[in-house]
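Each remark here refers to the structure printed beneath this line.
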Amino acid sequence: QVQLVESGGGLVQAGGSLRLSCAASGRTFSSYTMGWFRQAPGKEREPVAAIRWRTDTTYYADSVKGRFIISRDNAKNTVYLQINSLKPEDTSVYYCAAKQYGIATIGAAYDYWGQGTQVTVSS
């Protein structure tokens, strides 16, 4: 059974940083893409970043390029999202998701989801 468990969210001032973690378990993820999505109250879920486990190919939404960094740790089966220069508009619940094979930016393409971690940025 695949499990994705996010952690690392919190309350931070604008300009600050956080590192979100997504611990994956239940299978070998070498053929998987891991994605981060976020959803703010009253807004649609949107893709943030993704990484293909085997090739390290990455994707970033335009709104986070240059501020967010996605990475993975094979030994820990964990994907990270380093979020820097936080803005109030980054306030959202951040979700980790997994799918087989290539990167996709549509949430429906992902098979597994974590429970989410709240990031709140104060101005």
Sort out which residues of the stretch 1-54 are in a strand (DSSP E or B) and of a type in the set (Asp, Glu), and write them in order of number. GLU6, GLU46
List pairs: first residue in the stretch 47-67 and more than 19 Å from GLY116 (Cα to Cα), second residue assigned to a loop (DSSP other than H, G, I, E, B) and open to solvent by less than 20 Å² (accessible area, probe 1.4 Å) anywhere in the structure, Cβ distance under 6 angstrom, at least six positions apart or on different chains. TRP53/PHE29
Reported set for the stretch 43-56 where residues are within 15 Å of the chain's Cα centre (by Cα) and either under 19 Å from ASP111 (Cα atoms) or surrounded by 16 or more Cβ atoms within 10 Å (Cβ to Cβ) (or both) is ARG45, GLU46, PRO47, VAL48, ALA49, ALA50, ILE51, ARG52, TRP53
Options ALA24, ALA97, ALA109, ALA40; residue that is without any contact (Cβ under 8 Å) to a residue 12 or more places away in the chain and surrounded by 14 or more Cβ atoms within 10 Å (Cβ to Cβ): ALA109
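Yes/no per residue for (1) under 13 Å from LEU18 (Cβ atoms); (2) in a strand (DSSP E or B); (3) modelled with pLDDT under 95:
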{"site": "TYR59", "(1), (2), (3)": "no, yes, no"}
{"site": "ALA75", "(1), (2), (3)": "no, no, yes"}
{"site": "VAL79", "(1), (2), (3)": "no, yes, no"}
{"site": "GLN82", "(1), (2), (3)": "yes, yes, no"}
{"site": "LEU86", "(1), (2), (3)": "yes, no, no"}
{"site": "TYR95", "(1), (2), (3)": "no, yes, no"}
{"site": "GLN115", "(1), (2), (3)": "no, no, no"}
Within the stretch 57-66, take every residue that is closer than 26 Å to SER122 by Cα and within 13 Å of the chain's Cα centre (by Cα) and give me the one that is surrounded by the most Cβ atoms within 10 Å (Cβ to Cβ). VAL64
Residues satisfying the stated conditions in the stretch 71-90, i.e. open to solvent by 10 Å² or more (accessible area, probe 1.4 Å) and among the β-branched types (Val, Ile, Thr): THR78
Residues of the stretch 1-56 being aromatic (Phe, Trp, Tyr) and either over 15 Å from ILE70 (Cβ atoms) or touching a Gly at 6+ places or on another chain (Cβ under 8 Å) (or both), in sequence order, are PHE37
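The values are calculated or read from the model by the stated rules, or taken from the named source; none is laboratory data. Values in this document were obtained by computation on a predicted structure and should not be read as measured data. A quick note on method: Cβ atoms are made from the backbone with ideal geometry, for glycine too, and the neighbour counts reach across all protein chains shown. SASA here: full protein model, heavy atoms, side chains in, ligands and nucleic acids out. Shrake-Rupley method; radii C 1.70, N 1.55, O 1.52, S 1.80 Å.
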